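Trainee: Handing you this structure, nothing more for now.
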Amino acid sequence: MSGTGYKRVYRHHGAYWFVDTANKWHRLSPIADGEPAMLRALAKLKNGPEARPGSMPALIKTFRAERLPAYAEVTRYDYGLMLDKVEEAMRDMDVADIEPGDVMDLRNQWRDKPRTANKYHALLSLLMGLAIELRLRSTNPCRDVKRLAEAKRTRLLTDDEFLRIREGALLSKVGHKNPSGTMMLCAIDLAYLTAQRMGDIRRLAWRQIEDDVILFTPSKTKSSTGARVEVPVTDELKAVLERARTFGKIKGETVIHNLKGRPYTKDGIETAWQRACERANVTDAHFHDLRSKALSDGRRQGLSIELLSASATHSSVTTTEGYLRGMEVKRSALRLSIPTRKRG
């Protein structure tokens, strides 16, 4: 990332410049005109004067305008970045000419990261589906390409690791008190105690809390099953909410907010989480592992898979089972002794 905050965009001699993959510099606009002017110039440079009908850039432009707004915030953000990469890789290609080999070429850029590769495969399939609707082609080449095998994540945070990460969230890089640590600790505790997704924890508004319950309408299922879940406010949750309520001088509409009263971004939460893990000396830990730990701990306490599935707003218990960690370790009933030779 360049110093401007935008990939391959630099400030030089009073202007914004874009450096393409061939290391060629393109002047965008004067710095004095501000970022909006720069972004308009960047979009024009990337798309050309007008995206050629039937080209991949034209299809992607249609997808951004007509399909992308329907997705949840996190998906829109992720797809937006991925569409940039797809467009860059297939800029000179026509939609009708895309073949299974082209799908594999794109996907295999992330072959060492199967999960990421499969996400690009899925996104390209959505684009080809739109192309079929627009009568730009009659088949979806992605269907002839097998997804890469993904290793199931089995990481389970131990209680000790969890507690160390909580402590790490309160510390700065040099070991002093982190001014924002209290709020990050609230985010961690809410994620574990409610077993909800990071995005729904970030966007949790005070208006969603009433009559001693928190009402979650997960953004991931809002446009599909529309599932909602009421989480009872236990004494522990009440203490976490009170910590968040008294945090900082500027209050925001969301429970989790920064010192300026604004909601945390996805990148903000992930960065704070990684720093907490580093200070706790805990490796290979994702914020999303808190959801797996919560569901796994609930199962060990005797809750049924059906109750856990409802709490997580999963459409099936099969999905919930994928979150349970450490349950695959069986306890042997064998109690054997080494045989001895019989006398005589």
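The values are calculated or read from the model by the stated rules, or taken from the named source; none is laboratory data. Note that this is a predicted model, so its numbers are computed, not measured. All Cβ positions, even for glycine, are placed from backbone atoms using ideal geometry, and neighbour counts span all protein chains on display. To get the accessible areas, we keep the full protein, side chains included, count just its heavy atoms, and leave off ligands, DNA and RNA. Shrake-Rupley method; radii C 1.70, N 1.55, O 1.52, S 1.80 Å.
Trainee: Output the residues belonging to region 232-260 that are open to solvent by 90 Å² or more (accessible area, probe 1.4 Å) and either out of contact with any strand residue (DSSP E or B) (no Cβ under 9 Å at 6 or more places or on another chain) or in a strand (DSSP E or B) (or both).
Mentor: Asp235, Glu236, Lys238, Glu242, Arg245, Thr246, Lys249, Lys260
Trainee: On to the next question. So, in region 89-119, how many residues would count as being farther than 25 Å from Arg135 by Cα, open to solvent by less than 50 Å² (accessible area, probe 1.4 Å) and either assigned to a loop (DSSP other than H, G, I, E, B) or touching a Ser or Thr at 6+ places or on another chain (Cβ under 7 Å) (or both)?
Mentor: 1
Trainee: Residues of region 18-33 being open to solvent by 60 Å² or more (accessible area, probe 1.4 Å) and in contact with a Lys or Arg (Cβ under 9 Å, 6 or more places away or on another chain), which ones?
Mentor: Once the filter is applied, which keeps residues that are open to solvent by 60 Å² or more (accessible area, probe 1.4 Å) and in contact with a Lys or Arg (Cβ under 9 Å, 6 or more places away or on another chain), region 18-33 yields only Thr21.
Trainee: Here is a follow-up. Report, by residue number, each residue of region 233-242 that is within 26 Å of the chain's Cα centre (by Cα) and over 19 Å from Leu215 (Cβ atoms).
Mentor: Selection gives nothing.
Trainee: Further question on the same structure: Of everything in region 120-154, what is surrounded by fewer than 16 Cβ atoms within 10 Å (Cβ to Cβ) and in a loop (DSSP other than H, G, I, E, B)? Give them in sequence order.
Mentor: Leu134, Arg135, Ser138, Thr139, Lys146, Arg147, Ala149, Glu150, Ala151, Lys152, Arg153, Thr154
Trainee: Is it true that Ala37 is open to solvent by less than 60 Å² (accessible area, probe 1.4 Å) and either over 30 Å from Asp200 (Cβ atoms) or in contact (Cβ under 8 Å) with a residue 60 or more places away in the chain (or both)?
Mentor: Yes: the conditions hold for Ala37.
Trainee: From Leu28, Leu45, which residue is touching a strand residue (DSSP E or B) at 6+ places or on another chain (Cβ under 6 Å), modelled with pLDDT under 85 and of a type outside the set (Gly, Ala, Ser)?
Mentor: Leu45
Trainee: Ok, one more. For Glu50, indicate whether it is closer than 21 Å to Leu134 by Cα and modelled with pLDDT of 80 or more.
Mentor: In short, no.
Trainee: Search region 49-70 for residues that are open to solvent by 70 Å² or more (accessible area, probe 1.4 Å) and pair each with any residue that is small (Gly, Ala, Ser) when their beta-carbon atoms are under 9 Å apart and the residues are at least 6 apart or on different chains.
Mentor: If the second residue must be small (Gly, Ala, Ser), the pairs left are Glu50/Ala58; Arg52/Ala58; Lys61/Ala51; Arg64/Gly80; Ala70/Ser223.
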